[in-house]
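Data first, discussion second: the structure below is written as structure tokens.
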Amino acid sequence: MNILLASGEVYPYSKTGGLADMVGALAVALANAGHEARVVTPLYRGIREKFPALRKVDWQFDLPMGLEHIQAELWELDVARGLKIYFVDQPGYFDRAGIYQENHFSYADNAERFIFFSKCVAHLARYLPWRPDVVHVHDWQVGLVPALILQQKTEGWGNPPPTCLTIHNLAYQGVFPEAAFALTNLPEHLFHTEGVEFFGLLNCLKAGIAYADVITTVSPRYAREITTEELGCGLDGLLRQRQKNLIGILNGVDYGEWNTNRNPHLPKPYTIGRMAGKNFNKRKLQKDLGLPVNESIPLFGTISRLAEQKGVDIQLGALSEMLNGNLQFVLLGSGSPEYERGYRDLARQFPGKVAVHFGYDETLAHRIEAGCDFFLMPSRFEPCGLNQMYSLRYGTIPIVRATGGLDDSVIDWTQNPRLATGIKFFEYTSRSLAKAIRKALVLYGQAKLFQICRRNAMKADFSWDQTVHNYLNVYEKCCKPAIVA
Ligand code: ADP
Ligand code: GLC
């Protein structure tokens, strides 16, 4: 099959979170399964320098944006057999220090930037000499693509390919003032409550939900949750209407990138059979972070965007109680200055027990996954979550709130004592999380049980083979004409 993927970020070219990891890995997995995947993404600052093999394509975009026309160029990178990346080069929009924001402020022209990008995707889908069988778009940044493609059907594009939208996070919808709708050049009648309008505003993700042939999201449980008022972010009604075409598929993990035995980021490799390397990595991490070096102290870690979704408030509450005991905690995160302050205060309150690192650091992320004993992910909601799956492979027991993909990917003791891979808690409270941390400390003290849990975790398999198979089924479903609207 020929699959055209589109995303505002794709690893290893750009990344702010798991969206980039997922799209990058899906494209590789499709190519490995013998399909032809091409990915469209913006050419952000620095990509050309980091990937000198990028080639300019003989191609010019000249697309209407309201009453104006905007031009852009196209670059491409042949990554492997069956995998090509297209980069849309519009320096005015994309040659900037950040991807969506700078200094915690979103760019004021994000609507314009991603409406334009979505138009480039629809244009490529129509005019590339290579014909996609399906166009698969990811999140709000490209949510308008299905509507733009359908619109071209009325403008002489006889048989456009079907479209699939994946929702990675319903909390980010790309909502902009009504005036932005004029930039889409879509007909006025789409600006209504069953279409792209959301309380008088333009909603890019809603546009995708309304007009894509099939909608997927990144775990089966989250697919159910988003049809409820509690987690539907105002779109649960529309999602219920489209439920027959809404499918939850758990993300896979790129074990080529996230592994413990061939990983340039790790001081020492290790495997299930040879765990000495993990202990070495723990001591090295403690040393480098300025914590007392002591293998017997349980080390907890978190790597996260510091956003409301991630459960920062209950984590700070639980840790300020639990850190009175014998444990250490390390955080790698970036996001809200208010949350950063919270963690800084925690570090001040517990010197020698807490290490915090703000900013984005890929090497440190691998080293924390490898060096810790437990990984904390107390999310308020979590569409899929990748870090808990990385933790499993690294033998770092995840402590997760039972929501979304966290619930789908971790097995708690109470679910199956023989196969347990982690610890789950249910209530969104500091008390409940503190109790889960207490359970972890008990587990840590029981070497045999801890070892069983660690082995189970490291054996858990979330490789892309199954995930890709599920996406291929979805693509086939989209290609069949008899889709229930
Ligand atoms: P989300 O996409 O909601 O942020 P995920 O768990 O799906 O959550 O994915 C997060 C990804 O971003 C992981 O690959 C994680 O390692 C990475 N990440 C998050 N924060 C940082 C950071 N400060 N430095 C390095 N990597 C980070
Ligand atoms: C989003 C979600 C996260 C998911 C990631 C990749 O950022 O917040 O849960 O793992 O997308 O699908």
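Here the spin labels are modelled as points 7 Å beyond Cα on the Cα-Cβ line, and at K153 and D345 they lie 5.4 nm apart. Using Stokes-Einstein with the Kirkwood hydrodynamic radius over Cα pairs, what translational diffusion coefficient do you get for the range 276-461 at 20 °C and a viscosity of 1.002 mPa s, in µm²/s rounded to a whole number? D = 133 µm²/s. Under a 5 Å amide H cut-off, with hydrogens placed 1.01 Å from N, F329 pairs with F300, V354, A355 among residues at least 5 apart or on other chains. Note that the range 165-170 has calculated 3J(HN,Hα) couplings of 10, 9, 8, 8, 7, 5 Hz, one per residue in order, obtained from phi through the Karplus relation 6.51 cos²θ - 1.76 cosθ + 1.60 (θ = phi - 60°); glycine and proline are x. Restricting the range 73-178 to GluC sites (Glu not before Pro) that sit in a DSSP loop and have at most 10 other Cβ atoms within 10 Å of their own Cβ leaves E155.
With θ taken as phi - 60° and the Karplus curve 6.51 cos²θ - 1.76 cosθ + 1.60 applied, the whole-hertz 3J(HN,Hα) list for the range 401-417 is 7, 6, 9, x, x, 5, 5, 6, 10, 10, 10, 8, 3, 6, 7, 6, x Hz, x standing for glycine and proline.
Rounded to the nearest whole Hz, the Karplus-based 3J(HN,Hα) values (6.51 cos²θ - 1.76 cosθ + 1.60, θ = phi - 60°) of the range 14-23 follow the sequence 7, 6, 10, x, x, 3, 5, 4, 5, 5, with x at glycine and proline. Within the accessible area of the range 414-485, the carbon and sulfur atoms contribute 56%, probe 1.4 Å, all protein chains present. Backbone amide hydrogens, once placed in the peptide plane, bring L202 within less than 5 Å of F176, E178, excluding anything fewer than 5 places away on its chain.
Site pair A33 and Y428 shows an inter-label distance of 3.3 nm when each label is modelled 7 Å from Cα along Cα→Cβ.
Each of G359, L266, A307 was scored by the projection of its Cα onto the charge dipole of the chain, and the greatest displacement toward the positive side belongs to L266; charges sit on the C-beta of Lys, Arg, Asp and Glu. What is the Cα centroid distance between the range 65-129 and the range 380-438, reported in whole angstrom? The two parts, judged by their Cα centres, are 37 Å apart. A full extension of the chain between E476 and K50 corresponds to an added length of 149.8 nm, given 0.36 nm per residue minus the alpha carbon distance. Rounded to the nearest 10 degrees, the angle from helix 464-479 to the longest Cα principal axis of the chain is 20 degrees. Annotation note: trypsin sites (Lys or Arg not before Pro) in the range 239-340 located in DSSP loop regions with a Cβ neighbour count of at most 16 within 10 Å are R262.
Per DSSP H run of n ≥ 4, the term is -39500 (n - 2.57); total these for the chain, divide by its residue number, and report the mean residue ellipticity at 222 nm rounded to 500 deg cm²/dmol. Don't skip to the answer; put the middle values down first.
Numbers: 18 runs with 180 residues, N = 485.
Taking each H run of at least 4 residues, the total per residue is -11000 deg cm²/dmol.
Put a dot 7 Å past the Cα of I297, heading toward its Cβ, do the same for N261, and the two dots end up 3.2 nm apart. Residues whose amide H comes within less than 5 Å of that of L5, counting only those at least five positions distant or on another chain, are R38, V39, V40, H136 (H built at 1.01 Å from N in the peptide plane).
Once the C-beta distance of D78 and D465 is scaled by a Förster radius of 30 Å, the resulting FRET efficiency is 0.80 to the nearest 0.05. For K282, a cut-off of 15 angstrom between C-alpha atoms picks up these aspartates and glutamates, skipping any fewer than 8 places away in its own chain: E295, E369, D373.
How much area per residue is accessible in the chain when the probe is 1.4 Å and only protein heavy atoms are counted (Å²)?
On the way: 19900 Å² over 485 residues.
Spelled out: the 1.4 Å probe surface of the chain, per residue, equals 41 Å².
Percent of accessible area on the range 235-349 owned by carbon and sulfur, 1.4 Å probe? It is 49 percent, rounded to a whole number.
Counting other Cβ atoms within 10 Å of each Cβ, which chymotrypsin sites (Phe, Trp or Tyr not before Pro) in the range 139-212 have at most 11 and sit in a DSSP loop? Working shown, then result.
Values: sites: W140, W157, Y172, F181, F191, F198, F199, Y211; in loops: W157, Y172, F191, F199.
For chymotrypsin sites (Phe, Trp or Tyr not before Pro) across the range 139-212 that sit outside H, G, I, E and B with at most 11 neighbouring Cβ atoms in 10 Å, the list reads F199.
Among the listed pairs K119/K477; K244/K480; K278/K459; K15/K50; K287/K353, a Cα-Cα separation exceeding 18 Å is found for K119/K477.
How high is the relative contact order of the range 166-277? Use alpha-carbon pairs under 8 Å, at least six apart in sequence, and give a whole percent.
Values: 132 pairs, mean separation 23.1, N = 112.
Over the range 166-277, the number comes to 21 percent.
The values are calculated or read from the model by the stated rules, or taken from the named source; none is laboratory data. Note that the coordinates shown come from a computational prediction; the quantities given were computed from them, not determined experimentally. For neighbour counting, all protein chains shown are included, and Cβ atoms are generated from backbone atoms with ideal geometry for every residue, glycine included. Please note that ligands, DNA and RNA were not included when accessible areas were found on the heavy atoms of the full protein model with its side chains. Shrake-Rupley method; radii C 1.70, N 1.55, O 1.52, S 1.80 Å.
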